[in-house]
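Visitor: First, the structure itself, so that you have it in front of you.
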Amino acid sequence: MTGLRSSRSILTILLLAAFGWSLTSVDWREGVLNVQGTPALLEFLAAAVRPVLTPAFLGRAVAALWQTVAYAVAGMTVALLIGAVLGTLASGALAHRRVARFGEVVGARATLGLLRAIHELVWAWLFIAALGLSPITGVLALGVAYGGILGLIFAQHLADAPTAPLRALQAAGARPWQAFLYGRLPLVLPDLVSYALYRFECALRAAAVFSFVGLGGLGAELQLSLRELNYGEVWTLLFLLIALIVAVDWWSGEVRRRMTT
Amino acid sequence: MIEAVRLEEVCRRYPNGAGLHPVSLSIGVGETVAIVGPSGAGKSTLLSLIAGVFPPDTGRVFLHGRLLADLAPGRELARLVGIVHQQFDLVPQLSVHSNVLAGRLGEWGLARSLLSLVVPQDAALAKRALERVGLLDRWNERTSRLSGGEQQRVALARLLVQNPRIILADEPVASLDPARAEDLLALLTGIAAGEGKTLIASLHSVALARRFFNRIVALRAGLVQFDRPAAEVADDDLAEIYALEDHVR
Ligand SMILES: Nc1ncnc2c1ncn2[C@@H]1O[C@H](COP(=O)(O)OP(=O)(O)O)[C@@H](O)[C@H]1O
Ligand SMILES: [Mg+2]
């Protein structure tokens, strides 16, 4: 115990030292901030009060937003399927025999590890290489990467479900999958839903960024308006994105409230 | 006498030296037995061994003449013996009726179990059980919204639906106020008497044990201190049982 603690403080000191050394390696005279950029920054901020609201641009912006939402929803659907199946297997809650359980758990955990070791943008590149540039590519990339994360969290929650109600079900004659349906799953479902909703917000932001690998959506419009230095349009898009995130946040809060009361 | 439960030299030892060492006991069909004794005497351990929650280290447990170790877990065991705990052990997120119908899982297959979460199966059975414990009006409610006493009665309704021949109850009234405790014990003993079931319950209150049960088994430090009809238990016997605990207090 004391050995662990002392090795931890040694690690802390090493990290602090590395941080201090990294500060000395920055050339402070050159200026860390781009001074020529300041007027541009002011111009950008000033544009916040006059977003572009022409019907033509608004139409384009809403279509882009819609595409991003569609990517996120479809991607999360795939992720939930992958997460539910692999997460359940990885939790080891369903297998009767010890050997089968070991195989399932190890196999499912390894797969989940692989899925989430790779970032969704890298998955997008891989799928573009394999399938070409299409909406399916974005949906699969998001679904596979997020399925790995959801599966891991689902498995952990399922494995940590309170044991007393489960033992009571077993004593009442329930087999493992019945105890899963009537105990393990409902016991942790509010936590699973809560986490999936949080991940849905992340998926919206990830889908907005997908434009950078050539898949359309909000990010593509942002890129275009930024390149043309049309800050009014940029703000329109940002406001739409903020409104979307706020709306999703409100909705997920509502769902959580309903599940816990 | 037809034997419902028979323990032969049953031992179970925990690392701290506590447990049961050893206990032999024979309980007839239809008897109502109160297990009394101070905390740590081994009451929960004894009931768990009879429920088949874990096996004894040594010794044998028979239920209705059959060796417990030979019974298949699941339906076969669930038909013979069922248990309610002090903490009720319900699933708070499920509706009251789903918790009650969980007592039928031993009899159902996958399709029926799944369907019942949407359209309650064997609903008449569950309704009768809930009516019996006075909670029929809470049929569709989320279980977490019920009070402790109500949840204890839901657990009892689940046991009624399971319908085992031997009913075990581990400190069923420990978390209830005195009036509700008496109601629940009256309900439990009424069910046992009405359907000829065997009832074994651990209790902290000897007064309640004497009032509601026909036999009292006193445990102390993992051994049977005495075992006699409730009517023959004298105040002196009880002083002896709880002497240890009084020292601790
Ligand atoms: N799972 C366990 N592991 C270790 N010790 C235990 C366990 N369960 C019970 N004990 C010990 O066994 C003793 C008897 O426990 P228990 O049967 O719960 O007594 P009672 O129900 O009469 O209070 C207690 O002192 C407790 O410390
Ligand atoms: Mg106990």
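The values are calculated or read from the model by the stated rules, or taken from the named source; none is laboratory data. Being a predicted model, the structure only gives us computed values, none of them experimental. In this analysis, Cβ positions are derived from the backbone assuming ideal geometry, glycine residues included, and neighbour counts consider all displayed protein chains. Accessible surface is based on the protein model in full, side chains and every heavy atom, while ligands, DNA and RNA are left aside. Shrake-Rupley method; radii C 1.70, N 1.55, O 1.52, S 1.80 Å.
Visitor: Pull up the DSSP beta bridges for the protein assembly as shown and report the antiparallel fraction as a percent, rounded to 5.
Guide: If I count the DSSP bridges inside the protein assembly as shown, around 55 percent turn out antiparallel.
Visitor: Starting from the amide H of B:R215, placed 1.01 Å from N in the peptide plane, find each other amide H under 5 Å away whose residue is 5 or more places distant or on another chain.
Guide: B:T32, B:A34, B:A230
Visitor: Could you give the angle, 0 to 90 degrees to the nearest 10, between helix B:178-195's Cα long axis and the longest principal axis of the Cα atoms of chain B?
Guide: 80 degrees
Visitor: Taking the square root of 5 times each eigenvalue of the Cα gyration tensor, what semi-axes in Å does the equivalent ellipsoid of the range A:75-260 have, largest first?
Guide: Over the Cα atoms of the range A:75-260, the ellipsoid semi-axes are 38, 21, 9 Å.
Visitor: Continuing with this model, one more query. When the accessible area of each residue in the range B:25-71 is compared between its chain alone and the complete protein assembly (1.4 Å probe; ligands, DNA and RNA ignored), which residues differ by at least 10 Å², being lower in the assembly?
Guide: By number: B:V53.
Visitor: Here is a follow-up. Using the basic label-point model (7 angstrom from Cα toward the beta carbon), what is the A:A117 to B:A193 distance in nanometres?
Guide: Distance between label points: 6.9 nm.
Visitor: Moving on. Calculated from DSSP H runs of 4 or more alone, at -39500 (n - 2.57) each and per residue, what is the 222 nm mean residue ellipticity of chain A, nearest 500?
Guide: -26500 deg cm²/dmol, from helical runs alone.
Visitor: Using the heavy atoms of the protein chains and a 1.4 angstrom probe, tell me the accessible area per residue for the range A:75-260 in square angstrom.
Guide: 46 Å²
Visitor: Shifting gears a bit: Enumerate the helices in chain A for which the Kyte-Doolittle hydropathy averages 0.0 or more and the C-alpha atoms extend at least 20 Å along the helix's axis, using complete DSSP H runs.
Guide: Counting only whole DSSP H runs, the qualifying helices are A:2-24, A:55-91, A:98-117, A:135-159, A:185-209, A:231-260.
Visitor: Can you give the accessible area of A:T54, probe radius 1.4 Å, in Å² rounded to 10?
Guide: The accessible area comes out at roughly 70 Å².
Visitor: Name all residues of the range B:157-176 having a backbone nitrogen under 13 Å from the label point set 7 Å from the Cα of B:R112 along its Cα→Cβ direction, giving them as ranges.
Guide: Once the point is set 7 Å along Cα→Cβ of B:R112, B:162 turn out to lie under 13 Å by backbone N, inside the range B:157-176.
Visitor: Along the charge dipole of chain A, which of A:Y146, A:V52, A:W125 sits closest to the positive end, that is, farthest toward it, with unit charges on the beta carbon of Lys, Arg, Asp and Glu (+1, +1, -1, -1)?
Guide: A:Y146
Visitor: Oh, and also: Taking 7 Å along the Cα-to-C-beta vector as the label spot, tell me the A:F212-A:L131 distance in nanometres, rounded to one decimal.
Guide: In this crude label model, A:F212 to A:L131 measures out at 2.2 nm.
Visitor: Got a sec? Which residues in the range B:109-152 would a label at B:D177 touch, if it sits 7 Å along Cα→Cβ and we count backbone N under 17 Å?
Guide: Taking a point 7 Å out along Cα→Cβ of B:D177, the residues of the range B:109-152 whose backbone N falls under 17 Å are B:146-152.
Visitor: Shifting gears a bit: Report, by chain and number, residues whose modeled amide H sits under 5 Å from the one on B:G19, excluding near sequence neighbours (fewer than 5 apart, same chain).
Guide: Here the answer is B:Y14, since their amide H atoms fall under 5 Å of that of B:G19.
Visitor: Moving on. May I ask you to compute the full-extension gain from B:A69 to B:R142, defined as 0.36 nm times their residue separation minus their alpha-carbon distance, rounded to one decimal in nm?
Guide: Additional length available on full extension: 22.6 nm.
Visitor: Sort the following peptides by mean Cβ neighbour count (other Cβ atoms within 10 Å, averaged over residues), highest first: B:121-127, A:176-182.
Guide: A:176-182, B:121-127
Visitor: In whole percent, and with a 1.4 Å probe on the protein chains, what portion of the accessible area of chain A is carbon and sulfur?
Guide: 70 percent
Visitor: Ignoring ligands, DNA and RNA, how much accessible area is buried between chains B and A, both sides summed, with a 1.4 Å probe, to the nearest 100 Å²?
Guide: 1900 Å²
Visitor: Do any residues of the range B:78-100 show a loss of at least 30 square angstrom of accessible area between the isolated chain and the full protein assembly, using a 1.4 Å probe, and if so which?
Guide: B:D89, B:V91, B:Q93, B:L94
Visitor: Then there's this: If each DSSP helix of 4+ residues adds -39,500 (n - 2.57) and the sum is divided by the residues in chain B, what number results at 222 nm, nearest 500 deg cm²/dmol?
Guide: Dividing the helical sum by the residues of chain B leaves -11000 deg cm²/dmol.
Visitor: A further question on this structure: Given the protein chains as shown and a 1.4 Å probe, how many square angstrom of B:R211 are accessible, to the nearest 10?
Guide: Answer for B:R211: close to 140 Å² accessible.
Visitor: Projecting each Cα onto the charge dipole of chain B (Lys/Arg +1, Asp/Glu -1 at the beta carbon, about the Cα centre), which of B:A209, B:F226, B:V100 comes out farthest on the positive side?
Guide: Selected residue: B:V100.
Visitor: Mind jotting down the distance between the C-alpha centroids of the range A:52-106 and the range B:71-106, whole Å?
Guide: 34 Å
Visitor: Okay, moving on. Any chance you could run the full-extension gain for A:L16 through A:V85? It's 0.36 nm times the residue separation minus the Cα-Cα distance, nm to one decimal.
Guide: Here the segment from A:L16 to A:V85 would lengthen by 20.6 nm.
Visitor: Taking the Cα atoms of the protein assembly as shown alone, what are Rg (to one decimal) and Dmax (as a whole number) in Å?
Guide: 31.7, 100
Visitor: Leaving ligands, DNA and RNA out of it, rank B:D89, B:D236 by accessible area with a 1.4 Å probe, largest first.
Guide: Sorted by accessible area, descending: B:D236, B:D89.
Visitor: Could you check how much of the accessible area of the range B:110-185 is carbon and sulfur, as a whole percent, using a 1.4 Å probe?
Guide: Accessible surface attributable to carbon and sulfur in the range B:110-185 totals 49 percent.
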